[in-house]
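Read the structure below first, then the notes.
Just so it is clear, none of the values below were taken in a lab; they were calculated from the coordinates. Worth saying up front: this structure is predicted, and the values here are computed from it rather than measured. Cβ coordinates were reconstructed from backbone atoms using ideal geometry, including for glycine residues, and neighbour counts include every protein chain displayed.
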Amino acid sequence: MNQNTGKYLILIGSVLLLIGIFIYYFSDKLHWFGRLPGDIHYENKNFKFSFPLVTMLIISLLLNLILYLVKKFF
């Protein structure tokens, strides 16, 4: 392993730690997440289906932005 691999592992760990802290302390304020307009929810008597399409798009955009910034500055 070289030195850059260690830097990337520390960066990824720090980002995951920050996300975990944010979710831990603000989970009561994130109840809307996964229930955005455009998310598909179907519920029947014996069946429940959920496909959070818009939520996944937002997560994808945020991850792409983070990866772009990491790539640009490191």
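Looking for whichever is more than 14 Å from the chain's Cα centre (by Cα) and surrounded by 10 or more Cβ atoms within 10 Å (Cβ to Cβ) here; the options are L11, L16. Which one fits?
Just one listed residue meets the conditions, L11.
I'd like to know if region 2-12 contains one or more residues that are touching a helix residue (DSSP H, G or I) at 6+ places or on another chain (Cβ under 7 Å) and either in a loop (DSSP other than H, G, I, E, B) or not acidic (D, E) (or both).
yes
Search region 30-56 for residues that are under 25 Å from I19 (Cα atoms) and pair each with any residue that is assigned to a loop (DSSP other than H, G, I, E, B) and of a type in the set (D, E) when their beta-carbon atoms are under 9 Å apart and the residues are at least 6 apart or on different chains.
Pairs that qualify, where the first residue is under 25 Å from I19 (Cα atoms) and the partner is assigned to a loop (DSSP other than H, G, I, E, B) and of a type in the set (D, E), are S50/D39; F51/D39; P52/D39; L53/D39; V54/D39; T55/D39; M56/D39.
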